Amino acid sequence: MTRKHRRLVVLISCLFGLGAGVGLTLTALSDNVVFFVAPSDLASKPPRAGRSFRIGGLVEPGSVSQIRQDGKPVMQFRVTDGKAAATVYYAGVLPDLFREGQGVVVLGMLRPDGDIAASEVLAKHDETYMPPEVSDALKKAGQWAPAAPPPAKPAMDFRPATPVPAKP
Amino acid sequence: MKFPPAIAPRPGHILHRFANPGRFLRLASVVQPYLTGIALVLVGIGLGWGLFIAPGDRFQHDAMRIIYIHVPAAWLASSGYFGLAICSILSLVWRHKLADLAAAEISPVGAAITALALVTGSIWGKPMWGAWWVWDARLTSVLVLFFLYLGHIALVRAFDDPERGQRAGAILALVGVVNLPIIKFSVDWWNTLHQPASITLSGSASMDPGILWPLLLSAAGFSLGFAALVMARLRAAVMEWRIRGLLLTRTREAG
Amino acid sequence: MTHLPYIVAAYGLTALVIGGLVFSTWRRLRTARARLVALDPRK
């Protein structure tokens, strides 16, 4: 391979690499940057029929139940962002963190009746790390109420779909 | 199009004009053992404390102990790239030999630590989120950072003339700097599965002190370890550069 | 459910990667130093 040849190969591979990098970023910068929408966005911006979308929110306390559909066990729960809620049906394995009041991101499709048939449920944990004793003590002191219905700060973790400025 | 012939390092001139690599070698051989030692001690204390003494999270229990390597690795992935960018500016604008060599040594270490951040994050994500990988803004932008490191590694070593490779690598590194704010603010700007920062400069760490302290110790240790590794590799690179120069003088004198 | 396998995997992988990096760096430094001394014994 001559020197000129190698330079050509290097140049092309660099362009390819940079293109891939920028392409990935741009893909992420389009609508897909928003990993999920909130339940209250569902009414104003309904997803196209037959298209999968992700919805994020807290599992509404008291809404989780197991039902049977076509003889198979299916989990039914509601995902809320404090303003609106959507009912989700899911037949797969739930993540360990799944519980009432937990943040979740659900991938699914809209059913004709407006409920969501989920194909994937991911748990979204927040940025707070606390040992159980501390959270128990705080709960006893009444200073901290996680997942209390309705959430004191309605789902702060779930920001609106439009970009918001970073915290000051 | 005509390309200038490959410029071999001119040992006699460059070595005397840029005394800095020599001064670096002397200074670095003194600093190296201390840097390495302190890094090892801090990482040992941080990880030992985090694994065996620190409490588990109320929801995540023991799985969150991965934080003691994931978070330092992720911080270093970004700050290492920042160091690479500074070296690139030094080498492009001031043509500093040591910066050229340093940039070429930062990127392999940076790529390794970025890979570590991605993989440990994945191992943490599977049991907690329920997925090894998702294409959210934070994960995607860190993956792009990894590709930038790989591109720099390949580019710097791809030319016959090392200076040409260093120049091209510096340009690539500087183009990639746009990615750093995207990584940092992705979790604030857009909905992501990844949670926002727990530790902010404004001081309100949403983290129990029993978890925060080992994390900070571990992060400090990893950072010093990163510096120690880059320093050792840079020493080797300076020596190899000198060897090339000496060999070249010999062949010239012989011929 | 225990998460021990995940923790072990994460820490083991870290030890492996960093260990490999340290070892290769140490070997490279040793080789370079030896060659330099052989070429230029004044040092």
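The values are calculated or read from the model by the stated rules, or taken from the named source; none is laboratory data. Bear in mind the structure is a predicted one, so any value in this text is a computation, not a measurement. Note that we place each Cβ from the backbone using ideal geometry, even for glycine, and neighbour counts take in every protein chain shown. Quick note on the areas: whole protein, heavy atoms, side chains included, nothing else; ligands and nucleic acids left out. Shrake-Rupley method; radii C 1.70, N 1.55, O 1.52, S 1.80 Å.
Please state the shape class of chain C: rounded when a/c is under 1.5, otherwise prolate if a/b exceeds b/c and oblate if not, all from the C-alpha gyration tensor.
Because a/c hits 1.5 or more and a/b exceeds b/c, chain C counts as prolate.
Which value results when the Cα radius of gyration for chain B is divided by 2.2 N^0.38 Å?
1.17
Return the calculated 222 nm mean residue ellipticity for chain B, to the nearest 500 deg cm²/dmol, obtained by summing -39500 (n - 2.57) across DSSP H runs with n ≥ 4 and dividing by the residue count.
That comes out to -25500 deg cm²/dmol.
Return the value, in Å² to the nearest 100, of accessible area buried between chains A and B (probe 1.4 Å, both sides summed).
4200
Distance cut-off 30 Å, Cα to Cα: go down the list A:K45/A:K72; A:K83/A:K140; A:K124/B:K184 and report the pairs above it.
Over 30 Å Cα-Cα: A:K45/A:K72.
State the percentage of accessible surface on segment B:187-255 attributable to carbon and sulfur atoms; use a 1.4 Å probe and exclude ligands, DNA and RNA.
Taking all protein chains in place, segment B:187-255 shows 66 percent carbon and sulfur surface.
Report Rg/Rh for segment B:154-255, rounded to two decimals, where Rg is the Cα radius of gyration and Rh the Kirkwood radius.
1.19
At a 10 angstrom cut-off on C-beta neighbours, averaged per residue, how do the peptides B:235-244, B:38-47, A:61-70 rank from highest to lowest?
By packing density, highest mean first, the sequence is B:235-244, B:38-47, A:61-70.
Where only protein heavy atoms count, and the probe is 1.4 Å, what is the accessible area per residue for segment A:34-141 in Å²?
49
Using a probe of 1.4 angstrom, how much of the accessible area of segment B:64-168 is carbon and sulfur, in percent?
Carbon and sulfur: 73 percent of the exposed surface of segment B:64-168.
In whole Å, what is the distance between the alpha-carbon centres of segment B:195-255 and segment B:33-106?
First find each Cα centre; the distance between them is then 7 Å.
Within 10 Å, count the other beta carbons around each residue, average over each peptide in B:169-181, B:100-112, A:83-95, and list them highest first.
B:100-112, B:169-181, A:83-95
Please work out the average accessible area per residue across chain B, using the 1.4 Å probe convention, and give it in Å².
That works out to 43 Å² per residue.
Taking Rh as the Kirkwood radius, which is the inverse of the mean 1/r over Cα pairs, what is the Rg/Rh value for segment A:69-147? Mind showing how you got there, number by number?
Details: Rg = 15.4 Å, Rh = 14.5 Å.
Taking Rg over the Kirkwood Rh, I get 1.06.
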